[in-house]
Amino acid sequence: MGGMRFPAVAGEGAQAEEASSDWTAWTPLVEEVKRSTSSPAPESTRLPKPDERRIMTVANQKGGVGKTTSTVNLATALAVQGLRVLVIDLDPQGNASTALGVDHQAGVPSVYQLLLGEIGVADAAATSTQSENLSCVPATIDLAGAEVELVTMVAREARLREALRPAVLDELDYDYVFIDCPPSLGLLTVNALVGAHEVVIPIQCEYYALEGLGQLINNIELVQSYLNPGLNVSTVLLTMYDGRTKLAEQVTEEVRNYFGERALRTVIPRSVKISEAPGFGQTVLSYDPGSRGSMSYLDAAREIAERGTERKTS
């Protein structure tokens with residue numbers, strides 16, 4: 001860990017970020033990001049395709065840790081850099097669907113019908129406004145009662161895994177699947193863990209950051225033991241980092257000591273722009289491509305993609 005390179009992070013606060021976005025708006029890098037959200041990525045900015053499709057569940061039962069924000073921004077960052085990505089919105093609030101510009105009003109094809117086996121992924125997935133490479137299976141209000149309905153179903157913990165069968169995803173040619181979980185450890189989250197290969201845990205750099213994390217790890221281990229032996233915690237993402245505080249440094253050090261190389265080098269800064277973007281039905285990459293939040297998610301996505309390649313070739 002001693003030789004690890006740490007990225008520059010926000011240290012001047014929201015006002016400094018907003019001011020800096022003005023002067024970064026004209027730079028070639030920012031212009032490239034803007035173009036990439038609406039057109040295919042040039043070869044120079046494409047990320048390596050994984051040797052095998054990666055299905056990643058983003059989970060943390062604590063609310064407000066940047067779980068949905070990280071899901072949609074990582075997915076968009078991978079998509080604008082040349083990879084085909086599917087987001088499964090398993091949170092009844094439907095925030096991931098909103099951020100990706102996908103209709104999730106009652107009555108539209110959704111993850112609820114997918115879990116019941118009434119429709120397949122091809123029918124449920126809608127193309128996101130953020131990238132032509134990005135699709136989302138939205139969550140509608142119907143999902144709020146899904147956990148009660150699933151209780152009486154056969155193989156209730158594996159409904160999502162059945163829907164995401166390799167043959168189905170092979171036909172749709174997705175490189176990555178991200179599953180956004182609700183802030184709980186209920187049956188929807190269990191479905192997400194059973195249906196995935198990897199778990200991504202976002203942890204905010206704030207007091208009580210690790211509170212409840214032991215319970216999440218225990219649940220993951222139970223799923224590994226009884227339902228999905230191939231599941232592993234591959235990625236830990238530090239969010240809401242404020243370089244002005246000693247607390248953020250302490251939390252970062254504690255997380256890195258505990259998770260080791262599974263913690264990404266890239267950290268996500270506390271950012272007004274990241275918080276504002278969902279209100280406009282966008283990710284931060286399209287809302288403010290020049291912000292530090294946008295650049296950080298691009299870096300985190302590249303690190304995830306490169307780590308996946310390293311893991312396959314090592």
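The values are calculated or read from the model by the stated rules, or taken from the named source; none is laboratory data. Values in this document were obtained by computation on a predicted structure and should not be read as measured data. Cβ atoms come from the backbone with ideal geometry, glycine included; neighbour counts cover every protein chain shown. In case anyone asks, the SASA skips ligands and DNA or RNA and just uses the protein heavy atoms, side chains included. Shrake-Rupley method; radii C 1.70, N 1.55, O 1.52, S 1.80 Å.
Checking each residue in region 275-287 for being closer than 15 Å to Ala77 by Cα and open to solvent by 20 Å² or more (accessible area, probe 1.4 Å) picks out Gln282, Ser286, Tyr287. Within region 152-178, the set of residues being open to solvent by less than 50 Å² (accessible area, probe 1.4 Å) and assigned to a helix (DSSP H, G or I) comprises Ala158, Leu160, Ala163, Val168, Leu169, Leu172. Whenever a residue of region 285-311 is under 20 Å from Leu134 (Cα atoms), its partners that are open to solvent by 40 Å² or more (accessible area, probe 1.4 Å) and aromatic (Phe, Trp, Tyr), lying with C-beta atoms within less than 7 angstrom and at least six residues away or across chains, give the pairs Tyr287/Phe280. Within region 103-128, being closer than 22 Å to Glu171 by Cα and either assigned to a loop (DSSP other than H, G, I, E, B) or among the aromatic types (Phe, Trp, Tyr) (or both) holds for Pro109, Ser110, Tyr112, Gly117, Glu118, Ile119, Gly120, Ala125, Ser128. Scanning region 101-113 for residues that are aliphatic (A, V, I, L, M) and surrounded by fewer than 24 Cβ atoms within 10 Å (Cβ to Cβ) turns up Ala106, Val108.
Inclusion of Arg262 among residues that are surrounded by fewer than 20 Cβ atoms within 10 Å (Cβ to Cβ) and at pLDDT 95 or above is warranted.
How many residues are surrounded by fewer than 22 Cβ atoms within 10 Å (Cβ to Cβ) and among the small types (Gly, Ala, Ser) when one looks only at region 67-85? Going through region 67-85 one residue at a time, the tally reaches 1. Restricted to region 196-215, and to residues there that are in a loop (DSSP other than H, G, I, E, B) and open to solvent by 10 Å² or more (accessible area, probe 1.4 Å), the residue that is modelled with the highest pLDDT is His197. The residues in region 179-195 that are open to solvent by 10 Å² or more (accessible area, probe 1.4 Å) and β-branched (Val, Ile, Thr) can be counted, and the count is 1. Could you tell me whether region 233-245 includes any residue that is touching a strand residue (DSSP E or B) at 6+ places or on another chain (Cβ under 6 Å), under 18 Å from Thr57 (Cβ atoms) and assigned to a helix (DSSP H, G or I)? No; the residues of region 233-245 include none that is touching a strand residue (DSSP E or B) at 6+ places or on another chain (Cβ under 6 Å), under 18 Å from Thr57 (Cβ atoms) and assigned to a helix (DSSP H, G or I). Please indicate, with yes or no, whether at least one residue in region 186-199 is farther than 20 Å from Gln93 by Cα and without any contact (Cβ under 8 Å) to a residue 12 or more places away in the chain. Looking through region 186-199, none of the residues is farther than 20 Å from Gln93 by Cα and without any contact (Cβ under 8 Å) to a residue 12 or more places away in the chain. Leu143 satisfies every condition listed in (1) over 28 Å from Lys49 (Cα atoms); (2) open to solvent by 10 Å² or more (accessible area, probe 1.4 Å) except (2).
With respect to the conditions (1) of a type outside the set (Asp, Glu); (2) within 15 Å of Gln282 (Cα to Cα); (3) crowded, with 24+ Cβ neighbours inside 10 Å, Thr98 lacks only one, and its number is (3).
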